[in-house]
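Visitor: Handing you a structure now.
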Amino acid sequence: MAFIRHNLVRIVNAISLLNTNFWRWFHQLASPPHVFALAGRVCPWFAGLAIIFLVAGTYGGLVLAPADYLQGDGFRIIYVHVPSAYLGMLAYMVMASSAAIGFIWRMKMAHGLAVSAAPLGAWFTVLALVTGGIWGKPMWGTYWQWADARLMSELMLLFLFLGYMVLRASFDDRDKADRISAILAVVGVINIPIIHYSVEWWSTLHQGPTIAKLDEPSITMDMLMPLLIMIIGFTAFFGWLLCKRLQGEILKRERQTRWVDGLIKGRTA
Amino acid sequence: MTARQNRMILIGLVVTGVTVSAFLALQAFEENLLFFFSPAQVAAGEAPTDRTFRLGGMVLEDSINREIGSLTLNFIVTDYTASIPVSYTGVLPDLFAENQGVVARGTLDNQGGFIAEEILAKHDENYMPPEVAEALALSEGSQTP
Amino acid sequence: MDIFILILLRDLRLSFRRWNELAMPLLFFIIIASLFPLASSPEISQLRDYGGAVLWVSALLSSLLALDGLFRVDAEDGSMEQLILSPTPLGVIVLAKIIAHWIVSGVPLVIVSPLLALSFYLPLEALPVFILAIALATPILSVLAAIGAALTVSLRGGGALIGLLMLPMMVPVLIFGTWATDAAVQGENPIGALLLLASLAILSISLGPLAAAGAVKVAME
Amino acid sequence: MDIFILILLRDLRLSFRRWNELAMPLLFFIIIASLFPLASSPEISQLRDYGGAVLWVSALLSSLLALDGLFRVDAEDGSMEQLILSPTPLGVIVLAKIIAHWIVSGVPLVIVSPLLALSFYLPLEALPVFILAIALATPILSVLAAIGAALTVSLRGGGALIGLLMLPMMVPVLIFGTWATDAAVQGENPIGALLLLASLAILSISLGPLAAAGAVKVAME
Amino acid sequence: MFNEAASLKTKSLEVWRGGVCLFEGLDFTLESGQVAIVSGANGCGKTTLLRILSGMNQAAGGYVTWRGEKIHRLNAESQAEIAYQGHLDGLKKEFTVLENLRFYQAMSNQKKPLESLLEELRLGPYQNRQVRYLSAGQRRRAALGCMRVKTAKLWLLDEPLTNLDTKGASLISSWISEHAKSGGIAVVATHQRDSLIQTATIEIEL
Amino acid sequence: MFNEAASLKTKSLEVWRGGVCLFEGLDFTLESGQVAIVSGANGCGKTTLLRILSGMNQAAGGYVTWRGEKIHRLNAESQAEIAYQGHLDGLKKEFTVLENLRFYQAMSNQKKPLESLLEELRLGPYQNRQVRYLSAGQRRRAALGCMRVKTAKLWLLDEPLTNLDTKGASLISSWISEHAKSGGIAVVATHQRDSLIQTATIEIEL
Ligand code: HEM
Ligand SMILES: Nc1ncnc2c1ncn2[C@@H]1O[C@H](COP(=O)(O)OP(=O)(O)OP(=O)(O)O)[C@@H](O)[C@H]1O
Ligand SMILES: Nc1ncnc2c1ncn2[C@@H]1O[C@H](COP(=O)(O)OP(=O)(O)OP(=O)(O)O)[C@@H](O)[C@H]1O
Ligand SMILES: [Mg+2]
Ligand SMILES: [Mg+2]
C-alpha cells in the first residue's frame, strides 16, 4: 500500500513538473523575440532535410521505383500528387489549430503562424488539384468530375484557404482580422474529415486509400519507400517555408518594437 | 434556475446535438450514397430505365470486342453477381482494360443492355510492379479455380 | 428560455414591420423560378431536367442574401451592444435571431416549394422528399449564412464576401439536396441524402450559433 | 460637367475602397453560374440548353441586388442631403452615380460573360451577339434598378420592393436579351432584338435619371 | 447677378408634422450679418424648420425666400450660397478626412489649401485617417469643416455643438461670429444656447 | 450571492488606439453611491474607456473588475447589473417607443408599469409612435428610458445629454443623483461638464 502511495506521489510530482515546464514553454511561445529566434534556429534543419529528402525521393520515384503493372510510368505522378494533397490538409490543420490557440489564449504568435500557413496550404492544394487533374485525364479519361466527393471537397479546401485570406485582407485592424478569421478557419475544419473519408463514405471515381489506412498499405515496398521519403521531404519543405514566413510575419507585426529595431541595427552594423 | 444550471443545460444541449448529428451521419453512410449503380442493382431493376445514370463495375475477362471498321466497342461489366453488356463508341482512357474498374455513363436500352455515352476508368488502391501483379494473379488463380 | 422567445418574437415582429424585407427571399425565389421558363424555351422535359437545380440554387442564394442584414442592422443602430451586454449568453440570442429569420425566409420557401416544383413539372411522387429536403436544408443554409454575416458585420457590403466564405460549406448542402431530389424523382432511395442533411442540420444548429456569437463579439470590439 | 465627373470618380473610388462590395455582383454572377452545373447533372447538351437562361437571370438578379445600396448608403450618412442641396441638378448626379455603378457592376459582368458562356457551351459564333446583348442590357437594368432603389430609399431592406416594382419593366429586357442570344445560337438574325435593346438602353438612360432624382427628392423629405 | 440683397425671409410659415401643427405664422427676415438662434424643447420643430429653410422640405403654409426667390426654385448660383449641416454628418466613412473635405470643396468649385482649416479643427494628425476610425467629436468637426469649405453665404446649422468639446464649441462660435461680420447669415438650432447666444442677433423661440 | 461589495475597480489600464497610446496607468475605484464624470477633449478616449469598463472592448494592459471579478468574465447575475448607453441609441426604428421600452424591460426581467417613466421623459404623447418619426432629442430620451428600465446598479453613460433640451438634461442629472443616493454607481462621459458636475463625486480627466 505504502509502495503504491509512494509511487503515485512520484508520478503526480513528475506530472506536475512536466506541467509547469509545459506552461513555461507555452508562455515562451507567446514572446515574439523568442519565437523569432526559435524559427530562425529550426529553419536550416528543415531546409537541409527538405533538400536531402526531396532529391532522394525524386531519384527514388523517377528511377528506382518500378513502373506500375497497370499504369506504367504514368503512376509516378503519385510522388507529387499524394505529398501535395497531404500537405494541403496538414497546412489547413496547422492553420486552424494555431488560429484556435490564438483565439482562446489571445496568443498573437499563434495567429502569426496561422497567417503564414494559409498561402502555403493554398499552393499545395492547387498543386494537388492540378496533378490530380493531369493524372486523371489519361487514367480515368477526364480531368474533372463535378459529382465526385473527393474532388469537390478538395476544391472546397482551396476555397477555404482563399476565403480565409480574403477575409483577413478586408480588415485594416490586424487584431480583429486575427480573431475573426480564426473562427472561419475553425468552422472550416469540418471539411478535412470529409476530404479524407469521402472515398470510403461515397463510391467515387477517385480511388480508395492506399497508405493512409489501418491495414497494411496496398502498395509494394519499392514503390512505397520513395513516396514516404517524398512525403517527409514535402513536410520539411513546408516547415522551412513556414518558419521563413513566420519570421517575416513577426517582423511585420513587431516593427515598432525595440527588439526589432535592435535586430535591424545589429544586422546593418 | 440559476445561471450555472442554465449554462449546464446549454452545454448539454450542444453535446446532445453533436452526438445526434454524428449518429445520423453514420446512419447515412450505411445507406449507399451512389456515384454509380452496380450491375447487381441494375439487374434487380433498381436503376432508372428512362434516363442516364452511371454504371460501375469490373470489365469481364475476354468480354471486349470491337466492331470491325468502327470505333464501337462491346464489353460486359460485372460485379461477379450480375453482368450487363455495354456498348460504347469513342475514345477510351488508358486504364480501360479487362479486369479493371470502369464507370460508364449512359442509358439502358430495352433489351437490358447499356449504351454508354462516356467511359471512365476507375483505378483501385493497389500499386505494384508487373512481376508482383503476375505472381498475385497466379496465386489467386490457383486459389479460385 | 424566456429571453430566447423574447428575441425570437422581437425579430419576427420587426420583420413583419418591415414587410418588404420579409417578402425578399420569397420574391427572389419566385423571380428566379418564374423568369427561368421565360428566359429559356420552356419544354417540359427540359424544365424537369433543370428544375431541381434552379430551385436549389435559388434557395441557396436567397438565404445568402437575406441574411446579410441579420446582425448589421442591429450593429448599426446600437442594439447589438445592448444584446452583447445582456446577461443571456450571446449564442442563445444568436440562435433566436437565426430561427426568427428562418421562419420568415426559410419557411415561406418551404411552403411555396411544392408550387414551384410542380411548375417545373417535378413528378408528384417526388414532392414529399423535395419538400423535406428543402425543409432540412434551409436551416443549415441559414446558420451558415449567419456565420458569414457575423464574420462580416463590421464590413460594408458583406454580401459577396459571405458568399465566398460560406460557399465551401454550402456546397455540400446543395449536393445532398439535389441528390435527394434526383433520387426521389427517379424513384430511388433518398434516405441516405436526407439523413446526411438531417445530421448537418442538427450539427449546424448546435455549433453554428456559438461560432456566429464569437464572431459578432469580436467584430463589435 | 466637372461635377458629373467628380461624382463619378467619388463613387468609383468608394467602390474600390470597399472592394468587397465591388466584387459583389461579379462574384454573385459567378456563383450562380457555377453552382448550376453542380446542382444538376452537368451534361453538355443540358447545360447548353439552359445556359442562356441562367446567364440572363443571374445578370438580372445581380444588377437588382447590387443597386439596393445606391442611394441608401448616401441617405443614411447624410451625404444625400448635401447632394440634393448642391447647385448641380440632381438628375445629373444620379446619372453619374448610376454610371459609376454600372462600371463596377455591369462592366465586369460583360467581361466575364464570354467565359461563363463558354463554360455553358454556348457556341463560339454566338458569343459576340451575346456579349453585345449583355452590354446593352446591363445599363437598362441598372437604370431600372436605380429607379426602384430611389423609390425605396426611405425604407429599410428595400431589395424586395425594388424587385417587385421593377420586375415588370425588366422582363422585356430579359426577353429581348434571350431572343438575341437564341437567334445567334441558332444562326438566325439577331439584329431586331439588339436594336430593341439599344433603343431601350437609350430611352432608359435619358429618362431614368430624372425619374430616380424625383423619387429621391420626395423620399428624403 | 444678385440684384436682390442677400436676405432670407419667411412668410407666415405653417408646419405640420404627424397630424400636429408645430408652429404657424412664423415670419422673420435675416439680412446680411445677422445670426438667428433657434431654440426650444425637443420636438418643437427646429430640425423641421431648418430643412424648410434649406428647401428640402416644404411647409404646409407660407413660404421661404432667398434673395427674393422661392427657396426650392433657386437657380444654381443662389443654391450654391446655401450650406446646411443637419444631425447627420454627410461624411463618407470609407474616405479619409482630407478626401471628404476635398470632395465638398470640389463640389463648390473652391480650391483653397486646407492646412489651416485642419489645424483649426485639430484634425491635422487625423487628416489621412478614414472617418470610420474617428471619435464622435472628431467626426463632427470634420463635418463642420466640410460645411466651411463651401464658403456659402447662408449657413443653416442643426445642433452644430453636438459631441464637440469646449475648444471645438468655441471654435464654432467664433466661426459664426466671423461669418456674420463678413456679411454672412446663419440660422443655428441648438440646445446649448449659452455657448452661442453671444453670437446671435435674433433668437427664434419655437 | 454577491459576496463582494458592489464596486468597480480599474487596475493600471493601458489603452492603445490606431497605434497611439491614449492613456496608461489609469487606476480608480468606484464604490456604491459614487458618480464619476469622465471629461477630456474629443478623441481622448472617453468612449473607449466606457466600452472597456463595460467589458465590450479589452484594454491593452491592466484590467477592470466588478465585484472583484474580471469584467469580461462576469456571471449572468453580475452582468445584469450593468447598463451601458453609448453614442448609438440601440432603439429599433420600426418599433414604437413603448415597444422598445418593453423589450429592454423584458430583457432584464422587469415588469413595472411604464406610465410614470414616459411621463418623466415627456414621451407620453409619442409612446405609440415609431421611433423613426421622432426628433433627435426624443429618440435620445427614449434610449435613456430603455437604459433606465433595466434597473441596473452600474450605469455607463456616454454623452447622455446629446440633443437633449434643458429640461431633459436636468432630468438626467436628477436621475444620476437619485441613482447614486440609492446606492448605485455611474460613470458619465460628457462635454457638458457644467450640467452634470454637481452630481459627481469624482472627476476623471483623460
Ligand atoms: C483532380 C483530381 C484529384 C484530386 C482533387 C485528388 C485529391 C486527392 C487528395 C485530397 C488526396 C489525399 C487524401 C487523404 O490523404 O486523405 C489524394 C490522395 C491520393 N490520390 Fe488523388 N486526387 C485527384 C486525382 C487522382 C488520380 C487521377 C489518381 C490516380 C489514378 C489519384 C491517386 C491518389 C492516390 C494514390 C492517393 C493516396 C491515397 C492514400 O493513400 O490515402 N488521385 N488525392
Ligand atoms: N477603430 C479604431 N481604430 C483606430 N483608432 C480609433 C478607433 N476608434 C477610435 N479611434 C481613435 O481613438 C481615439 C479615442 O476615441 P474615442 O471614441 O474613445 O474618443 P472620445 O474621447 O470618446 O471622443 P469624443 O469626445 O469625440 O466622443 C480617437 O483619437 C480615435 O481617432
Ligand atoms: N417624418 C415624420 N413624421 C411624423 N412626425 C415627425 C416626423 N419627423 C418629425 N416628426 C415630429 O415632428 C416634431 C418636430 O421634429 P423635429 O425633428 O423638427 O424636432 P426638433 O425641434 O429638431 O427636436 P430635437 O431638439 O429633438 O432635435 C417632433 O415631435 C417629431 O416627433
Ligand atoms: Mg432636431
Ligand atoms: Mg466618444
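Visitor: Considering only DSSP beta bridges where both residues belong to chain E, give the percentage that are antiparallel (nearest 5).
Guide: 50 percent
Visitor: Let me ask something else about it. Would you calculate, for the protein assembly as shown, the mean residue ellipticity at 222 nm contributed by helices, counting each DSSP H stretch of 4 or more residues as -39,500 (n - 2.57) and dividing by all residues, to the nearest 500? Walk me through the numbers on the way to the answer.
Guide: Numbers: 46 runs with 741 residues, N = 1268.
-19500 deg cm²/dmol, from helical runs alone.
Visitor: With everything on Cα atoms, drop me the angle between helix C:127-151 and the longest principal axis of chain C, reported from 0 to 90° to the nearest 10.
Guide: 30 degrees
Visitor: Turning to a different aspect of this structure: Sorted from shortest, what are the nm distances separating the label point of E:Glu205 from equivalent points in the other copies, each placed 7 Å from Cα along Cα to C-beta?
Guide: Copy-to-copy label distances for E:Glu205: 3.7 nm.
Visitor: For a quick protection proxy, order the peptides F:97-105, C:211-219 by their average other-Cβ count within 10 Å, most packed first. Walk me through the intermediate numbers first.
Guide: Working: F:97-105: 21.6, C:211-219: 24.1.
Highest mean packing first, the order is C:211-219, F:97-105.
Visitor: Using the 7 Å Cα-to-Cβ label point, sort the distances from D:Gly192 to its equivalents in the other copies shortest first and give them in nm to one decimal.
Guide: When each copy's label point is compared with this one, the spacings are 5.1 nm.
Visitor: Something else now. On a C-alpha basis, how far is the centre of the range A:119-172 from the centre of the range E:83-157 in Å? Whole number, if you could?
Guide: About 47 Å separates the Cα centre of the range A:119-172 from the one of the range E:83-157.
Visitor: Another question, then. Within a 10 angstrom radius of the beta carbon, how do D:Thr152, F:Thr151 rank from fewest other beta carbons to most? Show your work: numbers first, answer last.
Guide: Working: D:Thr152 23, F:Thr151 16.
The most exposed by this proxy come first: F:Thr151, D:Thr152.
Visitor: Another question, if that's okay. Just to confirm the number: angle between the C-alpha axis of helix A:108-139 and the first principal axis of chain A, 0 to 90 degrees, nearest 10?
Guide: The angle comes out near 0 degrees.
Visitor: Turning to a different aspect of this structure: Return the lysines within reach of E:Lys112: Cα separation strictly under 28 angstrom, same-chain partners fewer than 8 residues apart disregarded; answer none if there are no such residues.
Guide: Hits, sequence-local ones excluded: D:Lys97, E:Lys92, E:Lys93, E:Lys150, E:Lys153, E:Lys167, E:Lys181.
Visitor: Something else about it: Going Cα to Cα from A:Lys137, which aspartates and glutamates come in below 18 Å? Please leave out same-chain ones fewer than 8 positions away.
Guide: Partners found: A:Asp68, A:Asp73, A:Asp148, A:Glu154, B:Asp94, B:Glu117, B:Glu118, B:Asp124, B:Glu125, D:Glu43.
Visitor: Take every DSSP beta bridge whose two residues both sit in the protein assembly as shown, then give the antiparallel share in percent to the nearest 5.
Guide: 60 percent
Visitor: Now a separate question. For the rotation that superimposes chain D on chain C, which residue of D has the C-beta lying nearest to the axis, and at what distance in Å?
Guide: D:Tyr50, 2
Visitor: Okay, moving on. What aspartates and glutamates could a cross-link reach from A:Lys252, if we take a straight Cα to Cα line under 17 Å and drop same-chain neighbours fewer than 8 places away?
Guide: A:Asp172, A:Asp173, A:Asp175, A:Asp178, A:Asp261
Visitor: Here is a follow-up. Using a label point 7 angstrom from Cα along Cα-to-C-beta, what distances in nm, from shortest up, separate C:Leu115 from the other copies?
Guide: With the label placed 7 Å along Cα→Cβ, C:Leu115 yields 3.8 nm.
Visitor: Given the C-alpha atoms of the range C:105-221, compute the convex hull and give its volume per residue in Å³.
Guide: On the way: hull volume 11.5 nm³, N = 117.
Dividing the Cα hull volume of the range C:105-221 by its residue count gives 98 Å³.
Visitor: Name the chain E residue nearest the rotation axis between E and F, going by Cβ position, and give the distance in whole Å.
Guide: Residue of E nearest the axis onto F, distance in Å: E:Thr162, 3.
Visitor: Sticking with this one: For each of E:Glu178, D:Glu81, count neighbouring Cβ atoms within 10 Å of the residue's Cβ, then give the residues from fewest to most.
Guide: If I rank by nearby Cβ atoms, fewest first, I get E:Glu178, D:Glu81.
Visitor: Could you work out how far helix A:2-28 tilts from the main Cα principal axis of chain A, as a 0 to 90 degree angle to the nearest 10?
Guide: 90 degrees
Throughout, read-outs are computed from the coordinates displayed, never taken from laboratory work. Computed from a predicted structure; not experimentally measured. Virtual Cβ from ideal backbone geometry, glycine too; neighbours counted across all protein chains shown.
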